[in-house]
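Everything below concerns the one structure shown next.
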Amino acid sequence: MRGLMTKALATAALLALTVGAQAKETVVWWDFLSGGDGVRMKSLLDQFNKENPDIDIQATTLEWGVPFYTKVQTSAAIGQGPDVMTYHLSRLPLGVSTGTLRELTPDELKAAGFSGDNYAPANWKAAQVDGKQYAIPFDIHSIILYYNKDLLKKAGLLGDDGLPKGLDGAANFEAALAKLTTGPDQVGLSIPTADNGTIWRVFYTLLGQQGGEFITGDKVLDGANADKATKALAEMAKWTKEGWVPKQTEYPASIAMFTSGKAAMHINGVWEVPTMTDLAKNGKLGFEWGAVQIPVIFDQPATWADSHSFAIPDRKGNEISPEKLKAVLSVIKWMNEHSLFWATAGHIPAYLPVTNSEDFKKMEPNATYSSLSKTAVFDPSSKIAGVASPIYDAASNYFMPAANGDGEPADAISAAKDELQGLME
């Protein structure tokens, strides 16, 4: 009898181990993150797997941009692909229009502990299409103004708080650029003027600062919006015409101009904060630097922004199971709760309990420019907008030449409007 009891207990223990092993959920993860973003995400994934023995994330990094989104779309159409993936919110409308993304219902979000109250309103709304939720924001990334404190102080443009002063308003901003431009080896501002993405982001910021909209309903730059767009592009063209911003500057060269001290200010994404931080830490920068949100050059504060987010593909014939969905949503929630580390890449965490924390408030320069999240303007909610979209192509073909002095801004806006309007039909 005792032998039978021992055998029964051993069998029960074996069954318990088997059940425990079967209960472990494997989550297939795809992302497009490289460079500093990729290093940080890998660290977060490793940490999650160590802390959560009941879930195993199997991660794969694919090529950023069109290749990533094409693979996601084709995979989902045949019932394959990941359980969860990173996704730019600006690409959401296109993903929904192609049937690539699965809706996250209010009941599913509530059960997993998600609430829109924990995100900036514009950011949460950007994760929706036609009022339905298709993603959970992870961050806000935008363009910001990097500045050389030494050069601005010398020009009388630095306040006692170490922040730029006298830059708001087009006239003041232009006067500052002129004052900071002392010759071919010292310009007021460097921008990647040969990069269509940056040109679009600066243009869209200036359009937003006038209260303009790129797309209203099914119309591109309708009515007064075309005039506001022309004004935005004309301002950018003036910067290069006056020699305050060098023309046709490639992305790496634009950064090098600032880090070498040849440009007093620099407009680029928050993702270059680690570049500045590392150079300063290693004693290779040669000056004190800071970063703030883009000055209010026109009527109101506004800054182009996008978000890395998490989304679930709508795999045809191979839909995600309730158990897998629960695991995926717990992964996303964990990532949001641990996004302070992600912020070291320059991003602003989307999850307000993190951005409102004392730890984030001590993180500079992120904490200083995080105010832009309240006035961020996300790309138009349209299938022709977003990363590597027709709008970016138009920026390359029309906006970029005009900003560099090749053609009139009004003509560029008209041509882009006609081309993009044709894609809306």
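Since every read-out is calculated from the coordinates, none of them should be taken as a lab result. These numbers were taken from a predicted model, which means no experiment stands behind them. Please note: Cβ atoms are built from the backbone with ideal geometry, for glycine as well, and neighbour counts cover all protein chains shown.
Can you give the relative contact order of region 289-425 as a percent, counting alpha carbon pairs under 8 Å and 6+ residues apart? Walk me through the numbers before you get to the answer.
Working: 94 pairs, mean separation 33.8, N = 137.
The value is 25 percent.
Excluding HIS141 itself, what net charge comes from residues whose Cβ is under 15 Å from its Cβ, given Lys and Arg +1 and Asp and Glu -1? Numbers along the way, then the final one.
Working: positive: ARG40, ARG91, ARG201; negative: ASP31, ASP37, ASP139, GLU272, ASP306, ASP379.
Counting the neighbours of HIS141, the net charge comes to -3.
What is the pair-distance distribution P(r) of region 76-178, computed from all Cα-Cα distances in 10 Å bins starting at 0, with each bin given as a whole percent?
12, 31, 17, 17, 18, 6, 0
Could you check which residue among LYS247, LYS231, LYS179 shows the biggest mean-square fluctuation in a GNM of the chain with a 10 Å Cα cutoff?
LYS179
With a ≥ b ≥ c the root eigenvalues of the C-alpha gyration tensor of region 276-425, is it rounded (a/c under 1.5), prolate (a/b larger than b/c) or oblate?
Values: a/c = 2.30, a/b = 1.12, b/c = 2.05.
Verdict is oblate for region 276-425.
I need the shape label for region 374-414. Rule: rounded when a/c is under 1.5, else prolate if a/b > b/c, else oblate, with a, b, c from the alpha carbon gyration tensor.
prolate
By its C-alpha gyration tensor, with a ≥ b ≥ c as the square roots of the eigenvalues, how is region 179-321 shaped: rounded for a/c under 1.5, else prolate for a/b larger than b/c, else oblate?
Values: a/c = 2.47, a/b = 1.27, b/c = 1.95.
Oblate shape, in that a/c is at least 1.5 and b/c is the bigger or equal ratio.
What is the Cα radius of gyration of region 241-296 over 2.2 N^0.38 Å, N being its residue count? Walk me through the intermediate numbers first.
Details: Rg = 11.8 Å, N = 56, 2.2 N^0.38 = 10.2 Å.
In units of the 2.2 N^0.38 Å rule of thumb, it is 1.16.
Mind listing which chymotrypsin sites (Phe, Trp or Tyr not before Pro) in region 34-138 are in a DSSP loop and have 12 or fewer other Cβ atoms within 10 Å?
none
Output the Kirkwood hydrodynamic radius of region 126-213, Cα pairs only, in Å rounded to one decimal. Intermediate values should be presented prior to the final figure.
Numbers: mean 1/r = 0.0631 Å⁻¹.
Averaging 1/r across every pair of different Cα atoms and inverting gives 15.9 Å.
Between region 80-119 and region 136-168, what's the alpha-carbon centroid distance in Å?
Using only Cα atoms, the two centres lie 34 Å from each other.
Read through the labelled values (1) 4, 20, 29, 23, 13, 5, 2, 2, 1, 0; (2) 5, 24, 33, 24, 10, 3, 1, 0; (3) 5, 22, 34, 28, 10, 1, 0 and report the label of the one computed as P(r) over Cα pairs in 10 Å bins from 0, in percent from the structure.
For P(r) over Cα pairs in 10 Å bins from 0, in percent, the calculated option is (1).
Against the globular-protein guess of 2.2 N^0.38 Å, express the Cα radius of gyration of region 174-254 as a ratio, rounded to two decimals. Write down the numbers at each step before the final one.
Numbers: Rg = 14.3 Å, N = 81, 2.2 N^0.38 = 11.7 Å.
It is 1.22.
Run the reach check for LYS281 against aspartates and glutamates, Cα to Cα strictly under 16 Å, same-chain hits fewer than 8 apart removed. What comes back?
In chain and number order, the partners are GLU272, GLU364.
Would you tally the net charge around LEU206, using a Cβ to Cβ cut-off of less than 12 Å, leaving LEU206 out, and scoring K and R as +1, D and E as -1?
So the surrounding residues net to +2.
Checking the table LYS154/LYS374; LYS42/LYS132; LYS71/LYS316 against a 25 Å threshold on Cα-Cα, which pairs fail?
Result: LYS154/LYS374; LYS42/LYS132 exceed 25 Å.
Select from ASN123, THR105, THR198 the residue farthest towards the positive end of the dipole of the chain; place +1 on Cβ of Lys and Arg, -1 on Cβ of Asp and Glu, and compute about the Cα centre.
Checking the options against the dipole of the chain, the answer is THR105.
Given Cα pairs under 8 Å that are at least 6 residues apart, what percent is the relative contact order of region 63-150?
28 percent.
Between region 331-365 and region 398-425, how many Å separate their Cα centres?
Cα centroid of region 331-365 versus Cα centroid of region 398-425: 38 Å apart.
Suppose every K and R has +1 on its Cβ and every D and E has -1 on its Cβ; what is the size of the dipole of region 337-413 about the Cα centre, in Debye to the nearest 20?
That gives a dipole near 280 debye.
First select every other residue whose beta carbon is under 13 angstrom from the beta carbon of LEU221; then total the charges, Lys and Arg +1, Asp and Glu -1.
Net charge around LEU221: -2.
What pairs in LYS165/LYS284; LYS165/LYS383; LYS125/LYS362 have C-alpha atoms more than 31 Å from each other?
LYS165/LYS383
For region 108-167, what relative contact order do you get, as a whole percent, if you take Cα pairs closer than 8 Å and at least 6 residues apart? Before the final figure, lay out the partial values.
Numbers: 26 pairs, mean separation 9.2, N = 60.
Computed value for region 108-167: 15 percent relative contact order.
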